[in-house]
1. How big is the chain on each of its three principal axes, counting only the C-alpha atoms and giving the largest first in Å?
2. Which residue, chosen from Ser157, Gln109, Leu174, occupies the Cα position most advanced towards the positive end of the dipole of the chain, where the dipole is computed from +1 (Lys, Arg) and -1 (Asp, Glu) charges on Cβ about the Cα centre?
3. Tell me which aspartates and glutamates have Cα within less than 12 Å of Lys142's Cα, excluding those fewer than 8 residues away on the same chain?
4. Of all the accessible heavy-atom surface of the chain, with the other protein chains kept in place and a 1.4 Å probe, what percent is carbon and sulfur?
5. For Cys5, which sequence-distant residues (separation of 5 or more, or a different chain) have an amide H within less than 5 Å of its own amide H, given hydrogens modelled in the peptide plane?
6. Where a ≥ b ≥ c are the square roots of the eigenvalues of the C-alpha gyration tensor, would you call region 1-78 rounded, which needs a/c under 1.5, or, failing that, prolate if a/b is larger than b/c, or oblate?
7. Provide the packing ranking of 159-166, 148-155, 46-53, i.e. peptides ordered by the mean count of other C-beta atoms within 10 Å per residue, highest first.
Amino acid sequence: SLKMCLLKLDDEFATELAKSIKSNSTIEKLVLDNNSIGTEGVTAIVASLANNKSITELQIRHQSKPLSTTDEEKLAGLLSTNETLVKFGVDLRSTQARNEVDRKMRQNQEKRRKNRAANKGSLASSSSHDKVKSNKLDQLFKSVIDDDEKVTEVIISDDAEFLEMSASRKKEFLEGLT
């Protein structure tokens, strides 16, 4: 999981994160609530999920920059090839956009249910989801950048140190996610 809330993340950061998501195969849950991500960033992140096989949940609510109705209605289309996302939290004012996104989530949930039913008799392996929380952001970032297998979840929320971090250091962290 990657949870980055209340960090004033913007479109530039979201676009860089989207590049990392395209090739990431370990993040299952992405939470970016309460930031400053606008149309460009939301669209980039949703588009990056088109062929992503690991992310099952995306929460990107309560952004300070709302999407236009036209852009809202494009979101479901961007997810047309995604088969793994089953939970998508986004603020949508358009009823049509909400219905299309909900329909896509139901399709993916049904596909997931059928796959579970088909594999019911087989032995399922489970992976440990150790939560890594650290006040020492540099140590956490180093672990992510070094691709430490013990790091399965990153939670950064309203962290003053992160807010003050340079753009190049944030980019280095994002590149470590790939």
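The values are calculated or read from the model by the stated rules, or taken from the named source; none is laboratory data. Just so we're clear, the structure is a prediction, and the values are computed from it rather than from any experiment. So basically every Cβ, Gly included, is an ideal-geometry build from the backbone, and we count neighbours across all protein chains shown. Protein only, heavy atoms only, side chains kept; ligands, DNA and RNA dropped before computing areas. Shrake-Rupley method; radii C 1.70, N 1.55, O 1.52, S 1.80 Å.
1. Dimensions of the chain along the principal axes of its Cα atoms: 46, 42, 22 Å.
2. Gln109
3. Within the straight-line limit of under 12 Å, Lys142 reaches these aspartates and glutamates: Glu172, Glu175.
4. In the chain, the share of accessible area belonging to carbon and sulfur is 46 percent.
5. The list, which skips near neighbours in sequence, is Ile156, Ser157, Asp158.
6. Taking the square roots of the gyration eigenvalues as a ≥ b ≥ c, region 1-78 is oblate.
7. For the peptides 159-166, 148-155, 46-53, the packing ranking is 46-53, 148-155, 159-166.
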